[in-house]
1. When you go through (1) closer than 25 Å to Ala99 by Cα; (2) touching a Phe, Trp or Tyr at 6+ places or on another chain (Cβ under 7 Å) one by one for Ile220, which number turns out not to apply?
2. Leu228 versus (1) closer than 30 Å to Glu173 by Cα; (2) modelled with pLDDT of 95 or more; (3) not charged (D, E, K, R): which is the lone unmet condition?
3. Which condition number does Val250 fail, the rest of (1) without any contact (Cβ under 8 Å) to a residue 60 or more places away in the chain; (2) more than 25 Å from Thr348 (Cα to Cα) being met?
4. Sort out which residues of segment 291-303 are in contact (Cβ under 8 Å) with a residue 12 or more places away in the chain, open to solvent by less than 90 Å² (accessible area, probe 1.4 Å) and not in a strand (DSSP E or B), and write them in order of number.
5. What do you reckon, is Gly286 in a loop (DSSP other than H, G, I, E, B) and more than 28 Å from Ser11 (Cβ to Cβ)?
6. Could you run through segment 80-127 and say how many residues are small (Gly, Ala, Ser) and over 20 Å from Ser198 (Cα atoms)?
7. Across segment 166-195, what is the total count of residues that are more than 23 Å from Ala146 (Cα to Cα), part of a loop (DSSP other than H, G, I, E, B) and of a type outside the set (Gly, Ala, Ser)?
8. Scan segment 176-197 for residues that are closer than 22 Å to Ile162 by Cα, open to solvent by 10 Å² or more (accessible area, probe 1.4 Å) and of a type in the set (A, V, I, L, M) and jot them down.
Amino acid sequence: MYTVNAYISKSALRHNLKVIKKLAAGSKIIAMVKAKAKAKANAYGHGSLEIAEILYDVDFFGVARLHEALALALRNSGVQQRIFLTEGFLEKDELYQIAENNLEIVVHHEWQLEMLNNIELKKPISVWLKVDTGMHRLGFSVDKIAGVLSFLSNCPQVKPIINFMTHLSSADEPDSAKTAEQISCFKSAVSNHKGFFSAANTAAIFNNPESHMDYVRPGIALYGANPLCSYKGTSNNYELKPVMSLFSKVIAIQELRTFESVGYNPIWKTDRPTKIAVVAIGYGDGYPRHAKGGTPVYIDGQYFPLVGRISMDMITIDIGDADIKITEKVELWGENLSINIVAAHAGTISYELLCSLTQRVKYHYV
């Protein structure tokens, strides 16, 4: 029996997709279901294959690397949508599997061109050319686009229509001028070319309508977390619904006197007699070890603060004189407690919390 359980709401996921489609009504959808090996971090911690089956009517699924598409068996599950590898390929031999499985790749560096030039494939592959418009992470600078496009257009391993994409560095900052500069740069670089264009990441879907173009690439918003919160806590949630609710249980109640402490290397002491609820979740399950004192949990209709250090298997909660019972269900985040609030207390973002859950967590699709 699993102590920590994550409940994934299919209806909330479908609702969030509807919100995104309404915002980007003229664009097609590349749903990001990126994965992480040896953890339940696929699809931002929600399960790539299960999420792909629920999002049956999107146009694309986006993953970062080849093993994510193959190991998660997206092709063998009956999923018929196109699959898009945001990092393209990392080794020459991967190109054979990419061609065999009809995957589409992003080309972002000269060494990939050399590999494409020195291989023979049974059938050509679809390529998205990444343009570096100012993030300076992956992609070709604007002055190199014409030459790269010429090479790809004459490469027998590549399908004749080349698509274009870029990535926006500051779309989650409403007041940043950088996003407008990047969008303008991208449009200038690709406007005279054929193919499809994609610039909008999750935050840009909500914040920058001019970035929507042919395809948008929603990630975290599909799963109900506000893409514009960053480290600032909550704001307008755009009617998004949390897809994951994470629960554990109270396994002990301890009564403490004034000036007593709890847990490793005591960092907190009581200022009054109180009761401490011990909850069976810790960093071994993926709960953030760096969550600060005061981080809320939700128990029986009330919010209570985290106190003391996070252990591998347990956290401790100050419940005062509340009548909380052993085995009482505890919501760590979800419908009653926004993950953005928990992330803000932990000094991080919702993405990291969702992607950190481990295989000790049992998933239920409801």
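1. Of (1) closer than 25 Å to Ala99 by Cα; (2) touching a Phe, Trp or Tyr at 6+ places or on another chain (Cβ under 7 Å), only one is false for Ile220: (1).
2. Condition (2) is where Leu228 drops out.
3. Here Val250 meets the rest and fails (1).
4. Within segment 291-303, Ala291, Gly293, Gly294, Thr295 meet the criteria.
5. Details: in a loop (DSSP other than H, G, I, E, B): yes; more than 28 Å from Ser11 (Cβ to Cβ): no.
It is false that Gly286 is in a loop (DSSP other than H, G, I, E, B) and more than 28 Å from Ser11 (Cβ to Cβ).
6. Of the residues in segment 80-127, the ones small (Gly, Ala, Ser) are 88, 99, 126.
Then keep just the ones that are over 20 Å from Ser198 (Cα atoms); that gives 99.
Qualifying residue count for the region: 1.
7. 4
8. Step one: list which residues in segment 176-197 are closer than 22 Å to Ile162 by Cα, which gives 182-197.
Right, trim to open to solvent by 10 Å² or more (accessible area, probe 1.4 Å) and you get 184-185, 187-189, 191-197.
Scanning segment 176-197 gives a single hit, Ala189.
The values are calculated or read from the model by the stated rules, or taken from the named source; none is laboratory data. The structure displayed is predicted, hence computed values, not measured ones. Neighbour counts run over all protein chains shown; Cβ positions are idealised from the backbone, glycine included. Each accessible area value is taken on the protein alone, full model and side chains, heavy atoms only, with ligands, DNA and RNA left out. Shrake-Rupley method; radii C 1.70, N 1.55, O 1.52, S 1.80 Å.
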